[in-house]
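**Student:** Take this structure first; my questions come after.
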């Protein structure tokens, strides 16, 4: 997000890392795979009715036994480099002050799950009643009425400076570039439903109204 609240970049979470060593980034950008989102096709649960005709057959039939349930359904922010700043009182080494308040960036499921829970809570409040099981609605009226934004590949990167010891600058810092949605190292972001971002991300007020 930009400082004015506008959307700057939305893409899949598949991050490569290159570190600045001797004046050059190594390995060269987009770097080595660091982390990314997960998804795939179940070998236990059959494809639900609401996914049929929306999830590509190539994904649903990834295993020969039967058409399987594919995840995820929707996405929220996951990469720690684009995540949120959180603060808590925690235990640091004695040389760094022991028990004290500290802040750090957070991402992953620990961020995306509560974000989506908060969005659905807003939808419940707007509707005046709980929605309950929302999956069929996501794949039908929400998807077809612009309630979700389809996520496709988009080039982008951030430069970070981190403490070598993870606490303070006493042992120096390391500069790295984190390249987004590098492609080819894990699952990929495609137009339409994909097993990286699912149907897409909630489209603000439109999502709340369509759910």
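**Student:** So which of 94, 65 ends up being under 30 Å from residue 199 (Cβ atoms) and more than 18 Å from the chain's Cα centre (by Cα)?
**Tutor:** When all the criteria are applied, what remains is 65.
**Student:** From 167, 152, 158, grab the single residue that is part of a loop (DSSP other than H, G, I, E, B), under 23 Å from residue 17 (Cβ atoms) and in contact with a helix residue (DSSP H, G or I) (Cβ under 9 Å, 6 or more places away or on another chain).
**Tutor:** The match here is 167.
**Student:** Among the strands (runs of 3 or more DSSP E) confined wholly to the range 20-134, which include 1 or more residues that are touching a helix residue (DSSP H, G or I) at 6+ places or on another chain (Cβ under 9 Å) and closer than 24 Å to residue 210 by Cα?
**Tutor:** On the way: elements: 24-26, 32-36, 40-46, 68-71, 84-91, 99-106.
The qualifying strands (runs of 3 or more DSSP E) are 68-71.
One line per residue, one yes/no per condition, for (1) at positive phi; (2) surrounded by 17 or more Cβ atoms within 10 Å (Cβ to Cβ):
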| site | (1), (2) |
| --- | --- |
| 78 | no, yes |
| 108 | yes, no |
| 123 | no, yes |
| 162 | no, no |
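**Student:** Now for a separate question. Of everything in the range 26-49 that's under 24 Å from residue 156 (Cα atoms) and surrounded by fewer than 17 Cβ atoms within 10 Å (Cβ to Cβ), which residue is nearest to the chain's Cα centre (by Cα)?
**Tutor:** 38
**Student:** Under 6 Å by Cβ, and 6 or more places apart or on different chains, what pairs join a residue from the range 150-162 that is in contact (Cβ under 8 Å) with a residue 12 or more places away in the chain with one that is surrounded by 16 or more Cβ atoms within 10 Å (Cβ to Cβ) and assigned to a strand (DSSP E or B)?
**Tutor:** Pairs that qualify, where the first residue is in contact (Cβ under 8 Å) with a residue 12 or more places away in the chain and the partner is surrounded by 16 or more Cβ atoms within 10 Å (Cβ to Cβ) and assigned to a strand (DSSP E or B), are 157/177; 157/179; 158/178; 159/177; 160/176.
**Student:** Just one of (1) under 30 Å from residue 174 (Cβ atoms); (2) touching a strand residue (DSSP E or B) at 6+ places or on another chain (Cβ under 6 Å) trips up residue 11, so point out which.
**Tutor:** Result: residue 11 passes all but (2).
**Student:** For the range 1-25, give me each residue that is surrounded by 14 or more Cβ atoms within 10 Å (Cβ to Cβ) and over 21 Å from the mean Cα position of the chain (by Cα).
**Tutor:** 19, 20, 25
Each value in this text was obtained by applying a stated rule to the coordinates, not by laboratory testing. Since we're looking at a predicted model, the values are computed, not measured. Positions of Cβ are generated from backbone atoms using ideal geometry, with glycine treated the same way; all protein chains shown enter the neighbour counts.
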